[in-house]
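Peer 1: This structure is in structure tokens; I'll ask about it shortly.
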Ligand code: HEM
């Protein structure tokens, strides 16, 4: 007789789920692809096809209440701090076009020498120690400094801006709403941006902040509130997510000695870095869950999620869907670029991540430098500590030892 497994409930607040959400996703994909958690009154989609469809369907899956389910983040005013991420078309489309006038591929590409310099500095400090915490000493520093560079935060302010940005996104275990320290740091950040925008209005430079102020389409421009909300969004959307990507990359690679040797063995093969990054994004992405507010009933797989519901798009589950990826639960950096192309780690459709190219560039530069300078890397997996968070998945601490080439 086959054992019947009890029905599974997706609870994003549950530590067990946060430690390893993948068995829950697997069960839901198979047995309840449109899932309802009655206690939280929360719906969830877990199959790749359904999520890809939801990301691209207009007029049903709304961002108007934001994308995070924390009490103080969810609601019709989410756009005030989340900018375009908390809006629907046509306003999101118009503002995104304006912002894109400043946030151009060229501007991201021009950051390359600075990303390299920052990488060399922080990695040099790590290698000199031999043993260090990859998050505190490297991955937690690089992304925010790159965003500061992009926005035009002067060198002397960067350490403080990074410190405040960390407090904005930091959550103690078991705290599921924005804590007072986080609210205070957010205020500090907004005041800082108000001053920076005022300065750029007086004296424009060639940074993103100046470009956002000057961007114009059909006579329309962004006002100060729009610029400030967008700068704030970059800190929230682009900082911790990229830190966690770098953490997962070394964590998962070092769990598989054969894969580690493919990259670090011999003289090192930095040609493998790009697919190592993509496979990390697929296998264990930092942005696992996106919330949507339903503007109309959604009928799928024989049940109905009613209009007005809160529904989660489980990106981390889509990336493990066996109908799209072979052996989805295996971390394998030898997958082809074609196989990895459908990953949904950066979303899709109208809200597709504006920073995807920047995140990839940072990860590639950082990991290439690591491969070029280290003969081998070792991670103390038992001592790694995950953050317990509803919004991001990743490590707060990754103790690492490096043998220099
Ligand atoms: C590994 C790193 C990153 C991941 C996994 C990630 C993930 C995502 C996802 C899933 C979305 C779509 C949200 C939705 O559909 O509601 C998004 C949107 C966005 N991301 Fe990223 N992101 C990363 C890095 C960055 C960086 C470095 C920046 C900028 C500095 C950035 C800026 C944005 C912005 C501005 C949006 C909003 C776009 C819109 O609403 O139209 N992200 N990101």
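The values are calculated or read from the model by the stated rules, or taken from the named source; none is laboratory data. Keep in mind it's a predicted model, so treat the numbers as computed, not measured. Here the Cβ is made from the backbone with ideal geometry for all residues, glycine too, and neighbour counts use every protein chain on show.
Peer 1: Going through 123, 127, 85 one at a time, which residue ends up being away from the ligand (no atom under 14 Å from the Cβ) and surrounded by 20 or more Cβ atoms within 10 Å (Cβ to Cβ)?
Peer 2: Only one candidate passes the filter, namely 123.
Peer 1: If you check 307, 288, which single one turns out to be under 30 Å from residue 75 (Cα atoms) and more than 13 Å from the ligand (Cβ to nearest atom)?
Peer 2: After ruling out the rest, the residue left standing is 307.
Peer 1: Separate question: Restricting to the range 258-274, name every residue that is surrounded by fewer than 19 Cβ atoms within 10 Å (Cβ to Cβ) and within 16 Å of the ligand (Cβ to nearest atom).
Peer 2: Scanning the range 258-274 gives a single hit, 274.
Peer 1: Could you go through the range 198-217 and let me know if any residue there is away from the ligand (no atom under 16 Å from the Cβ) and within 24 Å of the chain's Cα centre (by Cα).
Peer 2: no
Peer 1: Give the range 150-183 a look and list any residue that's over 23 Å from the mean Cα position of the chain (by Cα) and either closer than 30 Å to residue 14 by Cβ or assigned to a helix (DSSP H, G or I) (or both), or say none.
Peer 2: Residues satisfying the conditions are 155, 156, 157, 180.
Peer 1: Which one of the conditions (1) without any contact (Cβ under 8 Å) to a residue 60 or more places away in the chain; (2) surrounded by 23 or more Cβ atoms within 10 Å (Cβ to Cβ); (3) in a strand (DSSP E or B) does residue 228 fail to meet, given that it meets all the rest?
Peer 2: (3)
Peer 1: To continue, here is another question. Could you tell me which numbered condition residue 211 fails, if it satisfies all but one of (1) free of Cβ contacts under 8 Å to residues at least 24 places away in the same chain; (2) more than 22 Å from residue 248 (Cβ to Cβ); (3) touching a helix residue (DSSP H, G or I) at 6+ places or on another chain (Cβ under 6 Å)?
Peer 2: That leaves (1) as the condition not met.
Peer 1: Does residue 100 fit the bill of being assigned to a helix (DSSP H, G or I), at positive phi and within 16 Å of the ligand (Cβ to nearest atom)?
Peer 2: no
Peer 1: Which of (1) more than 21 Å from the chain's Cα centre (by Cα); (2) free of Cβ contacts under 8 Å to residues at least 12 places away in the same chain does residue 404 not meet, given it meets every other one?
Peer 2: (2)
Peer 1: In the range 110-122, how many are touching a helix residue (DSSP H, G or I) at 6+ places or on another chain (Cβ under 8 Å) and either assigned to a helix (DSSP H, G or I) or more than 19 Å from residue 234 (Cβ to Cβ) (or both)?
Peer 2: Matching residues across the range 110-122 total 8.
Peer 1: Could you look through the range 88-97, keep only residues that are within 11 Å of the ligand (Cβ to nearest atom) and assigned to a loop (DSSP other than H, G, I, E, B), and pick out the one that is surrounded by the most Cβ atoms within 10 Å (Cβ to Cβ)?
Peer 2: 88
Peer 1: Could you grab the pairs with beta carbons closer than 6 Å, sequence gap of 6+ or different chains, first residue in the range 352-374 and over 19 Å from residue 104 (Cβ atoms), second one part of a strand (DSSP E or B)?
Peer 2: Taking only residues 6 or more apart or on different chains, the pairs are 374/402.
Peer 1: In the list 211, 215, which residue meets the criterion of being within 22 Å of residue 108 (Cβ to Cβ), touching a strand residue (DSSP E or B) at 6+ places or on another chain (Cβ under 7 Å) and assigned by TED's automatic domain parsing to the domain that holds residue 103?
Peer 2: 215
Peer 1: Condition first: closer than 25 Å to residue 264 by Cα, within 16 Å of the ligand (Cβ to nearest atom) and surrounded by fewer than 22 Cβ atoms within 10 Å (Cβ to Cβ). Can you find one or more residues in the range 320-340 that meet it?
Peer 2: yes
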